[in-house]
Amino acid sequence: MAHTIASPPRAGAADTSRVKGGRRGRVTDSESALAWIFLLPSVVYIIALVAVPFFLAIAFSLSDVTAGDPSYDWAGLAAFRRAFADPVFWRSLWNTLIFTGISMALIIVLGKVLANILVADFRGKWVVRFLVLLPWTTPVALSTVSWLWLLDSIYSPIDWLLRNAGVIQGNMYWLGQPKLAMASVIAVHVWRLTPLAAVIMMAGLLAVPQDINEAARVDGAGFWRRMFEVTIPLTLPVIGVAGLFGAILTFTDMTVVYVLTRGGPTNSTQVLASWAFIRGIEGGDVAQGAAIALFLFPLLLAAAVLILRAVRRMEIT
Amino acid sequence: MTRLATESTVPAPAPPLSDRDADRLRRRYRLRHVAGRVFVYVAAVVAALLSASPFIWSAVTAFKLNSDLYNADNNPFIFNKPPTADHLLYLFQQTDFGTFVWNTLWVGLLVVLITLVLGLPAAYSIARLDRPWSGWMGIAIFFVYLVPPSLLFLSLSRLVVTVGLQDSAWSLVLVYPTITIPVSVWLLIGFLKTLPRDIEEQAMVDGYSRLGAFVRTVLPLLVPGIVAVVVFAFTLTASEFIYALAFISPSSQKTLSTGVPTELIRGDVFFWQSLQAATVLVAVPVAFVFNLFLNRLVAGFTLGAVKG
C-alpha cells in the first residue's frame with residue numbers, strides 16, 4: 001500500500017508537529033478525545049429530550065398534574081387507579097393488541113410478497129416502485145384523510161363498487177360499526193406500512209448471495225422451493241426485524257385511529273396511544289395520560305429485546 | 001446453510017437425454033419462463049394499483065364539481081360532469097395550505113440540518129474511532145429510535161411550555177431531531193462501514209489530523225449516503241403527527257400533517273376536493289424524490305441494521 005512508502009518521512013513530520021504544534025495537534029489527533037467530542041452533542045441532546053421526558057412521564061403518572069394546574073404534587077398511584085377504573089382503558093389495551101397482532105401478520109406477509117416483486121426485473125419498474133412507495137412516503141395524516149372519504153358513510157366509492165357488483169344494498173357504514181371500523185383502521189394501517197416492511201425485506205433479499213440461489217436452481221429447485229427453503233430461511237432475521245419494527249410503529253401509533261374514527265364508534269377502535277392523547281392533552285389530565293402511555297413501555301421493551309436478538313443472530317450468519 | 005448444501009446435492013444425476021426429450025424439456029422450461037414473466041407483470045400491476053388507487057382516485061376527485069361528487073349514484077371513478085379547477089384554487093387562495101407547506105419545509109430543513117450536524121460526528125465516532133463502548137453506544141442509539149412519540153408527548157409538551165415555545169413551529173424544530181437523529185446515525189454508520197479505512201489512514205499519512213481527514217476525505221465520499229439520510233429524515237418530519245398536534249394550535253404555525261386534517265375539516269363541513277388535491281400535491285413530489293434514493297436507502301438498511 002501507498003502509505004508504507006510514505007510513512008518514513010511522515011513519522012518525522014508527526015514528531016515535529018507534536019513538538020511544535022502543541023495542543024491543537026494533539027486534541028484533533030487523539031482518538032479517544034475526538035470520539036467523545038463527536039458523540040457528546042448527540043448524547044446530551046438525547047438525554048435532554050428523550051431520557052428526561054421519559055422519567056418525567058413516570059413522575060407525571062405518580063402526580064396530580066393537570067393542564068389547568070401544572071404544579072407538581074405527589075399522588076402515588078391515584079392516576080393509575082383512575083385509568084384502571086375506566087373500562088375504556090381496558091378496551092383500548094385489548095384493541096391495541098388486536099390492532100397490532102393482525103396488522104403485523106398482514107404486513108409481514110404482504111411486505112414479503114411486495115419485496116419479491118420489487119427485486120424482480122421488469123419494464124416500468126421505476127413507475128411501479130413510485131406508486132408502491134406512495135402510501136408510506138405521504139404524511140400519514142394526509143393519506144388517512146383520503147381514506148376518510150373512501151370510507152364515507154354515504155359517498156364511499158367502495159360502497160359504490162359493491163353496490164354495482166350486486167354485493168350490497170345501500171351502504172356499509174365502514175366507520176360506523178365497531179367491527180367494520182376496526183377492520184378499516186387495520187386495513188389503512190397495513191396499506192400504509194407494507195411498503196416500509198417491503199423496503200427492509202428487500203435489503204435482506206439483496207444480501208442473499210446470488211450463487212446460493214443459482215446453486216439451488218441448478219439442482220432443480222423451482223421458484224416456490226427456492227423461496228421456502230433458501231430465501232426465507234436465509235432472510236428470516238430481516239423479516240423478523242421488519243415485523244418487529246412494524247409492530248412497534250403499530251402499537252404506538254395513533255394517527256390512523258385519530259384521523260379516521262377518533263377512537264369511535266363508542267371507543268371500539270380506541271387504542272392506548274389515542275386514549276392517552278385524548279385524556280392527557282384534550283382532557284387535560286396529564287397524570288392519567290402519562291399513566292396510560294406508560295403501559296406501552298413493557299410491550300416496547302419486549303419488542304426491543306426481540307429485535308436485538310434477531311440482529312445478533314444476523315451478525316453470526 | 002450447511003443443511004442447504006447437503007440438500008442440494010441430493011437430486012440424482014440425470015440420465016442422458018434423447019434429442020426429443022431435450023426438446024420437450026426445453027419447451028417446458030421456455031413455457032415456464034414465459035409464465036413466470038407474465039406472473040411478475042401481473043403481480044407488479046396489482047401491487048401498484050392496490051397501493052396507488054386511493055391517490056389516483058383522489059386526483060380525479062379533486063377536479064370534480066360538487067354536484068358530481070355529492071351524488072351517490074354517480075360513478076366515483078370518472079367525471080360525470082365537466083371537471084373544474086375551482087377547488088384547487090380555493091385550496092391555494094382561501095386556505096392556509098401555502099402556510100402549511102412553508103412551515104413543513106422550513107421546519108423539515110432545519111431539523112435535517114440539526115440532525116446532520118449532531119448525527120454525522122456521532123456516527124463517525126461509533127463507526128470509526130473504535131472505542132470499547134462503540135458497540136454498546138450503537139445499540140443504545142438504536143433503542144432510542146424505538147421510544148415512541150406516544151410515550152413522550154405529554155412530558156415534552158410540558159417541557160415545550162416551560163421553554164415558552166408552545167404554539168410555535170419552533171417547538172417542532174427543537175423536538176423532531178429526537179426522531180431523526182437515532183435513525184440517521186444508524187443509517188450513517190452503515191454507509192461509513194462501506195468506506196475503506198485506508199482513506200483516512202492515507203489522508204493522515206499525508207499530514208491531516210484525524211479531524212481533518214474526517215472533514216476533507218470522509219465527508220465528501222459520504223455525500224451519497226448523506227443525501228439518502230436527508231431525504232429519509234425529511235420524510236419522517238413531514239409525516240410526524242402527534243407532537244405537531246399536541247404542541248401547536250394556531251393555524252399559522254401548523255404543518256401540513258396537522259393543518260390539512262384540522263383546518264380543511266370544519267365541524268361537519270369537509271372541503272373534500274381541496275383535501276384530496278392537497279394529499280396528491282404533497283404525496284407525488286415526496287414519493288418521487290424518495291424513489292430516486294430508494295436503492296441507497298435499501299443499502300443503508302442492510303449495512304446499518306443487518307451488519308450491526
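Amide H neighbours of A:Thr269 under 5 Å, counting only residues 5+ apart in sequence or on other chains, H built in-plane at 1.01 Å?
Residues meeting the criterion, in which the H sits 1.01 Å from N, are A:Gly264.
Applying 1/(1 + (r/R0)^6) with R0 = 35 Å to the Cβ-Cβ distance of A:Asp219 and A:Val127, what FRET efficiency is obtained, to the nearest 0.05? Intermediate values should be presented prior to the final figure.
Working: r = 36 Å, r/R0 = 1.02.
Calculated transfer efficiency: 0.45.
Using protein chains only and a probe of 1.4 angstrom, how many square angstrom of A:Met202 are accessible, to the nearest 10?
Accessible area, nearest 10 Å²: 10 Å².
In segment A:175-198, which residues give up 20 Å² or more of accessible area once the other protein chains are added, compared with their chain alone (1.4 Å probe)?
The answer is A:Trp191 - residues whose exposure falls by at least 20 Å² when every protein chain is included.
Shape call for the protein assembly as shown from the C-alpha gyration tensor, a ≥ b ≥ c root eigenvalues: rounded (a/c under 1.5), prolate (a/b greater than b/c) or oblate? Please report the intermediate quantities before stating the final value.
On the way: a/c = 1.71, a/b = 1.09, b/c = 1.56.
Oblate, because a/c is 1.5 or more while a/b does not exceed b/c.
Mind checking the full-extension length gain between A:Val167 and A:Arg81? Use 0.36 nm per residue of separation minus the Cα-Cα distance, one decimal, nm.
Contour length minus Cα-Cα distance gives 26.2 nm.
With a point put 7 Å past each Cα toward its Cβ, work out how far B:Trp106 is from B:Val42 in nm, to one decimal.
For B:Trp106 paired with B:Val42, the spin-label model returns 5.4 nm.
Take each uninterrupted DSSP H stretch in chain A, measure its Cα extent along the helix axis, and return the ones at 24 Å or beyond whose mean Kyte-Doolittle hydropathy is at least -0.5.
Values: long enough: A:2-21 (27 Å, -0.45); A:87-119 (47 Å, 1.53); A:178-207 (43 Å, 1.52); A:232-251 (27 Å, 2.02); A:296-316 (31 Å, 1.60).
Those that clear 24 Å and a mean of -0.5 are A:2-21, A:87-119, A:178-207, A:232-251, A:296-316.
May I ask for the accessible area buried between chains B and A, both sides summed, probe 1.4 Å, to the nearest 100 Å²?
Approximately 9700 Å² gets buried when B meets A.
Per residue, how much accessible area does segment B:95-306 have with a 1.4 Å probe, in Å²?
Heavy-atom SASA per residue in segment B:95-306 reads 33 Å².
Quick one: check the C-alpha center-to-center distance for segment A:108-177 versus segment B:84-109, whole angstrom.
25 Å
Less than 12 Å Cβ to Cβ from A:Trp160, Lys/Arg counted +1 and Asp/Glu -1: what total charge do the surrounding residues give?
My count for the surroundings of A:Trp160 gives -2.
Given a 1.4 angstrom probe, I'd like the percentage of the accessible area of the protein assembly as shown that is carbon and sulfur, rounded to a whole number. Walk me through the numbers on the way to the answer.
Working: 19020 of 28230 Å².
Within the protein assembly as shown, the accessible surface is 67 percent carbon and sulfur.
Just to check I understand the Karplus step: with θ = phi - 60° and J = 6.51 cos²θ - 1.76 cosθ + 1.60, what whole-Hz values come out for segment A:63-70, glycine and proline as x?
For segment A:63-70, the Karplus curve yields 10, 10, 5, 10, 4, x, 10, x Hz.
Using the crude model of +1 on Lys and Arg Cβ and -1 on Asp and Glu Cβ, and no other charge, please compute the dipole size for segment B:95-306 relative to its Cα centre, in debye to 20. Display every interim value, and only then the final one.
Values: 10 positive and 10 negative charges, 56 e Å.
Using only the charged Cβ atoms, the result is roughly 260 debye.
Translational D (Stokes-Einstein, µm²/s) of chain A at 20 °C and 1.002 mPa s when Rh comes from the Kirkwood sum over C-alpha pairs?
Details: Rh = 24.0 Å.
Value of D from the Cα-based Kirkwood radius: 89 µm²/s.
The values are calculated or read from the model by the stated rules, or taken from the named source; none is laboratory data. For clarity, every value in this text was computed on a predicted model and none was experimentally measured. Glycine also receives a Cβ, built like all others from the backbone with ideal geometry; neighbour counts cover every protein chain displayed. Accessible surface is based on the protein model in full, side chains and every heavy atom, while ligands, DNA and RNA are left aside. Shrake-Rupley method; radii C 1.70, N 1.55, O 1.52, S 1.80 Å.
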